[in-house]
1. Using each residue's phi in region B:420-430, evaluate 6.51 cos²θ - 1.76 cosθ + 1.60 at θ = phi - 60° and report the 3J(HN,Hα) Karplus result to the nearest Hz, with x for Gly and Pro.
2. As an exercise, use a Förster radius of 60 Å and the Cβ-Cβ distance of B:Leu880 and B:Arg126 to find the FRET efficiency, rounded to the nearest 0.05.
3. Can you tell me how much longer the chain between B:Glu855 and B:Asp566 gets when fully stretched, taken as 0.36 nm per residue apart minus their C-alpha distance, in nm with one decimal?
4. Starting from the Cα of A:Lys20, draw a straight line to each of the lysines and keep only those under 27 Å, dropping any in the same chain fewer than 8 residues away.
5. What are the lysines whose alpha-carbon lies under 26 Å from the alpha-carbon of B:Lys652, with same-chain residues fewer than 8 places away excluded?
6. With each run of n ≥ 4 DSSP H residues scored as -39500 (n - 2.57), what mean residue ellipticity at 222 nm is computed for the protein assembly as shown after dividing by its residue count and rounding to the nearest 500 deg cm²/dmol?
7. For region B:543-657, just say rounded, prolate or oblate: build the C-alpha gyration tensor, square-root its eigenvalues into a ≥ b ≥ c, call rounded for a/c under 1.5, and beyond that prolate if a/b exceeds b/c, oblate if not.
8. Using the Cβ atoms and a cut-off under 10 Å, what net charge is assigned to the surroundings of B:Gln135, where Lys and Arg are +1 and Asp and Glu are -1?
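Nothing in this text is a laboratory measurement; each read-out follows from the coordinates by a stated rule. Just so we're clear, the structure is a prediction, and the values are computed from it rather than from any experiment. Here the Cβ is made from the backbone with ideal geometry for all residues, glycine too, and neighbour counts use every protein chain on show.
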Amino acid sequence: MTIRQQTDALRGSLDLLILKTLSLVPMHGWGITLRIQQMSEGILDVNLGSLYPALQRLEKNGLIASDWGTTDNNRRARYYRLTAAGRRALGQELDSWKRFTTGLDAVLRST
Amino acid sequence: MLHHARAALVRIRELFRSRSHSAAEQNDEFSFHIEMETAENVRRGMNEADARRAAVLRFGGAQRWAEETQGARGVVTLDNLARDTRFAFRRLHRAPAFAAAVIATLGIGLGAAIGIGTIVYGVLFRDLPYDKPEQLVRVGFITDGIGISGDLHSSATYFHFAKSARSFTELGAYWTSDDFNVTDGDAPERVTVALMTPNTLTLLGARPLVGKLFEPGDTSWSNVRSAILISENFWRRRYGADPSIIGRRIDINRGARNVIGVVPRSFDFPTPAVDIFYPAPVPVKTAQITARGFNVIGRLRDGIDPRVAAAELNALIPSLAERFPAITPDMLQRSRARVSVELLKSATVASVRPQLVLLGVLVAVVLLIATTNVINLFLLRTERASQEIAIALSLGATRLAVAERFVIEGVVLGLASAIVALPVAALALSTKFGFTAREIPRLHEVSFTWETAALVLGCATLIGTAVGLIALTRTGLGGLFDRLRSSRATSSRNWRRAQNGLVAFQVAIALVLLVAAGLLGRSFWNLRNAKIGFEPRNAMTFQVSLPWNGYTSYADGAVFHAKMVDRLSVLPGVMSVAVALRVPLAGRGASTLDLQLQAGDGEGRPTVASAGNMASADYFDVMGIPLRAGRSFRSGDLRGTPAVIVSELLAKNVFGTTDVIGRTIKQSRVGSQPMSFTIVGVVGDVHWERIEDGYAPMLYFPLQRGGDGLPSDRSAVPGRPMDVQYVIRGTQLPSTPTIQEIVKALDRRIPPTNIRTLGSLVDAATARVRLTLLLIAIAGVAALLLGVIGVYSVVAYAANSRVREFGIRLALGAAPTRVGGLVLGDGLKLVFVGIVAGLAAALGTTRFLRALLYEVKPTSVAEFGGATALLVVVTLCATLVPARRAARTHPAVALRGE
């Protein structure tokens, strides 16, 4: 993901972002990109080449599930939602992410 | 847990969902996305076309994502498989030497293994084609104490056991004979007859193809039914599968018999060669245990173990003496009489089991070697491709895709070698290496079937997959990091040690086989050039058996033979014709005499064993056997003290000299007075039974033309010429139909058989050695080839993994020849170990060939040295290739690689 200022540290956090986004409300793929863009105030721009494979992977791993639904203006779209396993995984990922950023912070501040 | 289960569920759903549906859904999803994106762009102020282009661009080509997403869903599509297979073909096309080596190695190895394995299985392990074969046993009667070998019964023991034993539902007895002529219709024919107690067929569970089987009363000579059964083969061959065969009268030796049924081909008891089943009584004429000739089989009662049955029969042996007073308890004890009960299946193949088991093991070893070589070749290739793989991975190829590449390459090569293996297996199973059911029982039941083909394909795929996977694990796809940490070193060392061991083993086996091939080759050469004692060129022979009705006296036979000789002599191109009881090297099946001889004047001198023959006056001339002293036979030689001719070896054995004309020789006979003969001639020696046995001492009795030369006293005549061989020498030899016409004109009941040239007798006599030589030579060349591939792949693999070291050495100024020498040294070490082991093994094993060797010692230095030299030269060449490559390593290239 993340086109602007892509760094190794951020690679892999796409899963976390997707899970976080879906934890609020079930959403289609385009909605997810829009939401991430909005929430990050335009800093994070999801690479579509990563998004859909990531969605498939998460679904395969049972963290999210998908169903076909209709949008507000009556278009058919695939909606993704978080499963119970996904919700648990989100909790764990958040914890480790926080530990990671705290550690990172500490290192960066000390120099 | 739940998480895993869910993942599995999704995967399973994917499997059942058709791909097009999935792709269609995906397209929907993507076009929805692009539409939304376009709308968003328009909202931001772009015009419609730009907005759409931007959206599509951002998506980056829908097709690519579609594929990647499919991959993530875990569906390996047929499209991908076809593409990968195409790639595999292209890659292999670029490495023809590698592909050819793998296909040849695996193809020949697998083909031979499946072919020979099928034979071994079919002969040793498949169930006999009879009802409840696990209840069928062969019952043997063994008397080690009185020098009768084999396990045949006398009529007394069969009768006794059949009457008294409780362990069996039935006991049947049978024997076979080639002594029958069928003489109905125009063409008389010599047939193979199985004589058996009527219950034998029913106890095996035979069902007739047409008609009925025997009934208990059929053995009685007075039975008006006079029943016989014929085999399906005979029915088709002689009667064209005539449906009205039932009730047909057939004239055979012992008179006319009625056909009551046809036995199907699938029921091939006791051998597939049987033409006629003849019901025979087992009459106890003389209650002896020495006159033996009956094979006995039985069906065990339900739940009876063969050992229990054997115990019961052994316990019944003493009561033989009660039932038959002529058999004394002392005789039973002295002969150490005992009974063996063995499952019919194992008894049938007992004679060949050790050889076949050995063959099976050998074949498994060959397949193992072939597979190991293929793995080595694969490793070498993947080692070379490791950089390419690393690049592919770093460019984003998934590991699964790279793994797939290896496995598909393995499977493609496996299936390609199946194309070689199938004809090899088919050839092995159709030729059976020249063996027949005569040498290996049940061999005729084995053939190439669809199951065999499926087995070849299955094994080829399996080995291909396994080889691909092993190559994969060894190049450490899973361990790109392992490679960085160099932790592969230790596991590699073990692996390499195993490889080295196997290659040394291959070299050893190749050496043993080459030595054996050399010894057999020399033996064959010696056999072909042996002085066999007669002239096989421009001569032929055939056999005639006179029926007993019509030829009751010596004169009846002699007159017939005289007429035959006269008629054959006038044929164009025929120079001379003779008659004898047997000709040399005629093989088994022809009658022969075993004589005990003694010098007539030397009381107390030892008796000498000799072969005997009966010959007409012209015999020695026609055969080209030189007359050393005295004369040949002439009319009147049977009168008074009959004349005989001795071979030089016999003369030396009996008298210690060849100057024996006019001396008397005595033949001791069991149960009657010895008979005396006057020696009138001495002739050259011949190889009699087999060339390998050397010269045999021979005594020739006169075979007279009949008429006034014969004595009136029948007891003064040594045997009667009933079953004889004609020998014809000429510039032009008569054809088979001509001979058949001449015999038929004299007696239409007699079929001439074994019509052959003398040269073909010599060929047949060397056939056993030739066949074994051929097999061993093929195996030797195959082993040599495998060994070369093995040495090459191991040395090249080792050299390849040291390429950086070579680079450094060269960069530091080492001479290229020195670097090449390092590799060469590696190879030579292997070959040396292999050769030492091989020489030891060959010294230990070639003595098992002794029976096949003729005038060459099993430890002949020339053959050992030659084989070793050949192996050294060839393997050296295999080592030179990687050595040269190592010497040419460019330091910069080698070092840049890291």
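1. Coupling constants for region B:420-430: 7, 5, 4, x, 5, 5, 4, 5, 4, 7, 8 Hz.
2. On the way: r = 48 Å, r/R0 = 0.81.
After rounding to 0.05, the efficiency reads 0.80.
3. Working: separation 289, 0.36 × 289 = 104.04 nm, distance 4.20 nm.
The span from B:Glu855 to B:Asp566 would gain 99.8 nm if fully extended.
4. A:Lys60, A:Lys98
5. B:Lys531, B:Lys666
6. Values: 32 runs with 526 residues, N = 1009.
Only helices count here, giving -17500 deg cm²/dmol.
7. Details: a/c = 1.86, a/b = 1.59, b/c = 1.17.
Because a/c hits 1.5 or more and a/b exceeds b/c, region B:543-657 counts as prolate.
8. Working: positive: B:Lys132, B:Arg299, B:Arg301; negative: B:Asp131, B:Glu134, B:Asp302.
In short, 0.
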